[in-house]
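In what follows, a single structure is set out as structure tokens and then discussed.
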Amino acid sequence: TNFMQDIFQAVKSVKPECLVSLSPNSKSFAYRNYLQDWHSWVERGLVEELILQVYRRDLSSFQAELVKPELYFAHSRMPLGVAILTGTPRLPVAIETIQQQVQVVRDRGFDGVSFFYWESLWGYIAPESPRKRRRAFMAIFSSPEVVQGGTQAEQSLE
């Protein structure tokens, strides 16, 4: 915590408008494995934006992480996003699972999502074809009129 305070003060002394953000694992896992006491850092105002890594392959364990009290506490003080696993070479994640997790994040009122693992994001090591994967991500983040209209972005996938 002292080290985190030193980092926070050093950043703010050079660029006061810069946000100090953090992307940890769940509270207990982060502390047990990395000695990251991010909940205390949030309490002390040493973190100004949080993107929690919730890398789960099933919906129930994903949802269980998002109802923990420390998340609601952090979200009451700052923007809080959720990082979602898009798959690894050994453990691919279906686009349907990713879509469900994004919807859960939205339903819970968190501030956004980020995705982990570039190679699986677009489908090169995913269960679906790259084209299907890209269209699915486009649908997640597009307004209905963009998805339906055969837009320039959609045409670039062809």
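The values are calculated or read from the model by the stated rules, or taken from the named source; none is laboratory data. Here the structure is a predicted model, which means the values were calculated and not measured. Heads up, the Cβs are rebuilt from the backbone with ideal geometry, glycines too, and the neighbour counts pull from every protein chain shown.
Taking the listed residues Leu35, Leu19, Leu59, the one that is surrounded by 13 or more Cβ atoms within 10 Å (Cβ to Cβ) and either of a type in the set (A, V, I, L, M, F, W, C) or over 20 Å from Asp111 (Cα atoms) (or both) is Leu59, with no other qualifying. Note on the stretch 109-152: among residues that are part of a loop (DSSP other than H, G, I, E, B) and charged (D, E, K, R), the one that is modelled with the highest pLDDT is Asp111. Counting residues in the stretch 84-92 that are of a type in the set (D, E, K, R) and either under 21 Å from Glu49 (Cβ atoms) or touching a His at 6+ places or on another chain (Cβ under 6 Å) (or both) gives zero. Here Gln155 passes the criteria (1) touching a Ser or Thr at 6+ places or on another chain (Cβ under 8 Å); (2) at pLDDT below 90; (3) among the polar types (S, T, N, Q) except the one numbered (1). In the stretch 100-117 there is no residue matching the filter, namely being without any contact (Cβ under 8 Å) to a residue 24 or more places away in the chain, of a type in the set (Phe, Trp, Tyr) and surrounded by 14 or more Cβ atoms within 10 Å (Cβ to Cβ). Considering each residue of the stretch 86-98 in turn, none proves to be surrounded by 13 or more Cβ atoms within 10 Å (Cβ to Cβ), over 23 Å from Ser129 (Cα atoms) and in contact with a strand residue (DSSP E or B) (Cβ under 9 Å, 6 or more places away or on another chain). Within the stretch 19-38, residues that are under 12 Å from Met4 (Cβ atoms) have Cβ atoms under 9 Å from residues that are surrounded by fewer than 18 Cβ atoms within 10 Å (Cβ to Cβ) and among the β-branched types (Val, Ile, Thr) in these pairs: Val20/Ile7; Val20/Val11; Asp37/Thr1, counting only partners at least 6 apart in sequence or on another chain.
Taken over the stretch 65-107, the criterion of being closer than 28 Å to Asp37 by Cα and hydroxyl-bearing (Ser, Thr, Tyr) is satisfied by Tyr72, Ser76, Thr86, Thr88.
Exactly one residue out of Phe141, Phe116 is out of contact with any Asp or Glu (no Cβ under 9 Å at 6 or more places or on another chain) and closer than 30 Å to Arg44 by Cβ: that is Phe116.
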